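Engineer: Shown below is the structure under consideration.
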Amino acid sequence: MRRPAFKSCCPICGGRKVSGKTTFSVDLGFGVVIVRNVSATICDQCGEEWISPDVARKLEKLVEEARQKKLQVEVMAL
Ligand SMILES: [Zn+2]
């Protein structure tokens, strides 16, 4: 069944999407990267988060930097 995409509505619970900040973390195997202050769209009911392609690109860059540094824990802010 195809439903029209309601951008302002959470596809999981139908809650309201609001913009806010989230903390993003990735397990690289040898260590963990934590990026704070990430702009995201967050559902005010179930807490599901979405990030824009632009923000995702920035995150990828940070994760790649952290991967090269090979630190066990890297905490950054976007
Ligand atoms: Zn939701």
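Taken together, the values in this text are just the output of simple stated rules run on the coordinates, not laboratory data. Only a predicted model underlies this, so the values are computations on that prediction, with no experimental measurement involved. Here the Cβ positions follow ideal geometry from the backbone for every residue, glycine too, while neighbour counts run over all protein chains shown.
Engineer: Would you kindly state the longest site-free stretch of the chain, with sites defined as trypsin sites (Lys or Arg not before Pro) in a DSSP loop (not H, G, I, E, B) surrounded by at most 10 other Cβ atoms within 10 Å?
Structural biologist: The longest such stretch corresponds to 8-69.
Engineer: Mind checking the angle between helix 53-69 and the chain's longest principal axis? C-alpha axes, 0 to 90 degrees, to the nearest 10.
Structural biologist: Long axis of 53-69 versus the principal axis of the chain: about 20 degrees.
Engineer: Let me ask something else. Across region 41-51, in residue order, what do the Karplus-derived ³J(HN,Hα) couplings come to in whole Hz, using 6.51 cos²θ - 1.76 cosθ + 1.60 with θ = phi - 60° and x for Gly and Pro?
Structural biologist: Working through the residues one at a time gives 9, 10, 6, 7, 9, 9, x, 4, 10, 10, 10 Hz.
Engineer: With no solvent and one equal point scatterer placed on each C-alpha of the chain, evaluate the Debye formula and give log10 I(q)/I(0) for q = 0.14, 0.15, 0.27 Å⁻¹, two decimals.
Structural biologist: Ignoring solvent entirely, the Cα scatterers give -0.54, -0.60, -1.17.
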